[in-house]
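Student: Here it is, the structure in full.
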There are 2 protein chains.
Amino acid sequence: MTPRIVLHEVGPRDGLQVEKAVAPTETKLRWIGALSEAGLDVVQAGSFVHPEKVPQMADTDELFRRLTAPGAERKGHALYSGLVLNEKGLDRALACGVEMVCLGVSASETHSRKNTGMGVAEATGRIVATAKKAVEAGRKVQVSVQSAFGCGFEGAVPEENVLAIARSYVDAGLLTISLADTAGHACPAQVERLFGRLLELDPGIEAACHFHDTYGAGMANVWAALRAGVVTVESSFAGLGGCPFTKVAAGNVATEDVVHTLQREGKRTDVDLARLIEIARDVESFFGREMPGRVHRTGPAPQLRKQESPA
Amino acid sequence: MTPRIVLHEVGPRDGLQVEKAVAPTETKLRWIGALSEAGLDVVQAGSFVHPEKVPQMADTDELFRRLTAPGAERKGHALYSGLVLNEKGLDRALACGVEMVCLGVSASETHSRKNTGMGVAEATGRIVATAKKAVEAGRKVQVSVQSAFGCGFEGAVPEENVLAIARSYVDAGLLTISLADTAGHACPAQVERLFGRLLELDPGIEAACHFHDTYGAGMANVWAALRAGVVTVESSFAGLGGCPFTKVAAGNVATEDVVHTLQREGKRTDVDLARLIEIARDVESFFGREMPGRVHRTGPAPQLRKQESPA
């Protein structure tokens, strides 16, 4: 297992995008700033999707401008990442100061066509070309394979299809690669096997994992991924999330639950768990319903309670 | 990992004992029969606690009589287990036909005293003596260590204390041993390490695991336990459960979530997942609130949908 696990918070993007109630920009800035201050390494602030398609993401450009403009007050040390779907999105991302560009291709033909109007092969070519431009523009870049462990439409997704996309990434020199369980189908043995095969493609690969907790195996899958050598865990505060274009998908694994489990093992004790719990309670109260994470409801186990802020 | 994982359903005992609304005996018989028919290997029907202390368990003797009496209509092939707290409980258990006697000691002094009025050393002596009588009476016996991964009152529980109790079991020839995460504190690395140490005590040990999902790591802990060589998984249908004598404890890991994850890996495909989902929905509707399991809400992933009963 990697000595220092990297925590990539995707709640402000993957979590919020499915919420009908649009959070005001100021509210998002409060959450994003607090997530960074709590010690997370990367925070995904938004997605460069068409504003009419996902109104929750309409303020993405403004968010990045306010987060990264020269002279902006930086809270914490997180890098701000943004999801880019196409070349037009990359232009927007580069113009508003995105620090880490995330792009992906679905390994499922059906999901790919529903999401992008393109089949997997065409989408891979386009995304690789766009990712290379982002690299040329000096940005950190992460490329992902979505529906890597199964698809809400197609069911099983052949591992060879996932690895073929990953090979295209590696061939283009794109070595920061995330495998995303978009519909939440992954199970731990599959996770360990597929990440093992991914990491065999090139010794330089830095792998990330992204799991939804649809069937209750989210944290088990995180654990299996870390065992396999994954460096970065993507998660959402409070367990927000889901994918509007798959049939069944629960939220991402909850950031504070992941941090709690890691800290129980003595890892990432630098992260302020009490602060993460506050932010998760804040988002729960904003949307007025119970969010799926556990630790924001229970508080930390007694072994970790020293970390709670004085009440 | 063991070729055939044994599934021990503890919902009718560990799950129901925290519910204020007492389920009628006929309702319990419906659930227990259905859990057995679905293909689970052991179903824990009740606990021989004083009826006034836990009114939900007041019909335990009657339940076992009706489940196991000569001439009783057996549904499925499950063995019926019962939790025995003391010698008086064993007498009741032997009289009413319990097929597998489960007994345990808490590794936490505070939890042990609150639960039994005895310290760990005294409780261990009593439980070992009672367990030996159950063996002499020809019953299958499982002994457990409760609060094996942490305690709601004391926080960390030293592994040496857990292993000392386990050594007393082994010395008495009691080799079916469960480590129970009563308060839900376990994390996967701890689980793998502690079960590894347990299994080193004697090559004949058959280990079982029992996790509560308080902090979201329940399934990850199951996975870690199976990797360590655990044979039996204890779980509750719908994720029912908790412990009335600890401060914070969520339900057990949900049986149908465990089975779903195993079946996604090609294991225990003999179990009728659709039936388990029906039973979980039935108990949810009986208590009139959302239960913590996932799969009874989502249904199976498409890869497993062939198993759904025709609607």
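Student: With the label 7 angstrom out along Cα to Cβ, how close does A:V18 come to the same site in each of the other copies, in nm, nearest first?
Tutor: 2.5
Student: Output, in nm with one decimal and in ascending order, the distances from the A:R289 label point to the matching label points of the other copies (7 Å from Cα along Cα-to-Cβ).
Tutor: Values, ascending and in nm: 1.9.
Student: Let me ask something additional. Could you work out, residue by residue across A:145-157, how many beta carbons of other chains sit within 10 Å of that residue's beta carbon, and then give the average as an integer?
Tutor: Numbers: counts 0, 0, 0, 0, 2, 4, 3, 2, 1, 2, 6, 3, 1.
Averaged over the peptide's residues, the number is 2.
Student: Which of B:C209, B:C96 comes first, and how do the rest follow, when ranked by fewest Cβ neighbours within 10 Å?
Tutor: Details: B:C209 28, B:C96 21.
The order, fewest Cβ neighbours first, is B:C96, B:C209.
Student: Which order do the peptides B:83-90, A:196-203, B:36-43 come out in when sorted by mean C-beta neighbours inside 10 angstrom, highest first? Each step should come with its number before you reach the end.
Tutor: Numbers: B:83-90: 19.8, A:196-203: 14.9, B:36-43: 23.0.
Averaged packing, sorted descending, gives the order B:36-43, B:83-90, A:196-203.
Student: Which value, in debye to the nearest 20, gives the size of the charge dipole of the range B:145-205 about its Cα centre, when Lys and Arg are +1 and Asp and Glu are -1 at the Cβ? Intermediate values should be presented prior to the final figure.
Tutor: Values: 3 positive and 8 negative charges, 10 e Å.
Using Cβ point charges on Lys, Arg, Asp and Glu, the range B:145-205 gives about 40 debye.
Student: What's the magnitude of the charge dipole for chain A around its Cα centre, counting Lys and Arg as +1 and Asp and Glu as -1 at the beta-carbon? Answer in Debye, nearest 20.
Tutor: Details: 34 positive and 38 negative charges, 44 e Å.
In total the dipole reaches around 220 debye.
Student: Further, regarding this structure: Give the residue from A:L198, A:A121, A:P300 lying farthest towards the positive end of the charge dipole for the protein assembly as shown; charges sit on Cβ (+1 for Lys and Arg, -1 for Asp and Glu) and the dipole is referred to the Cα centre.
Tutor: Value computed over the given set: A:P300.
Student: Then there's this: Could you work out the Rg to Rh ratio of the range A:6-307, with Rh taken as the Kirkwood radius (inverse of the mean 1/r over all Cα pairs)? Show your work: numbers first, answer last.
Tutor: Values: Rg = 17.7 Å, Rh = 18.9 Å.
That ratio equals 0.94.
Student: Sticking with this one: Enumerate the lysines that A:K53 could reach by cross-link, defined here as Cα to Cα under 24 Å, with residues fewer than 8 away along the same chain left out.
Tutor: A:K20, A:K28, A:K88, A:K114, A:K247
Student: Further question on the same structure: Run through the other copies and list how far each one's label point is from that of A:G266, in nm with one decimal, shortest first; the point sits 7 Å from Cα along Cα-Cβ.
Tutor: When each copy's label point is compared with this one, the spacings are 3.7 nm.
Student: List the lysines whose Cα lies under 17 Å from the Cα of B:K267, skipping any in the same chain that are fewer than 8 positions away.
Tutor: B:K306
Student: In deg cm²/dmol and to the nearest 500, what is the mean residue ellipticity at 222 nm of the protein assembly as shown if only DSSP H runs of at least 4 residues count, each as -39500 (n - 2.57), divided by the residue total? Before the final figure, lay out the partial values.
Tutor: Working: 22 runs with 248 residues, N = 622.
Taken over the protein assembly as shown, the calculation gives -12000 deg cm²/dmol.
Student: Something else about it: Using a simple charge model, +1 on the beta-carbon of Lys and Arg, -1 on the beta-carbon of Asp and Glu, nothing else, what dipole does the protein assembly as shown show about its Cα centre, in debye to the nearest 20?
Tutor: Numbers: 68 positive and 76 negative charges, 51 e Å.
Rounded to the nearest 20 debye, it is 240 debye.
Student: Among the residues of chain B, which one places its Cβ closest to the rotation axis that maps chain B onto chain A, and what is that distance in whole Å?
Tutor: With distances in whole Å, chain B gives B:A220, 2.
Taken together, the values in this text are just the output of simple stated rules run on the coordinates, not laboratory data. Since the model is a prediction, treat every value here as computed from it, not as a measurement. Here Cβ is always computed from backbone atoms with ideal geometry, including for glycine, and neighbour counts include all displayed protein chains.
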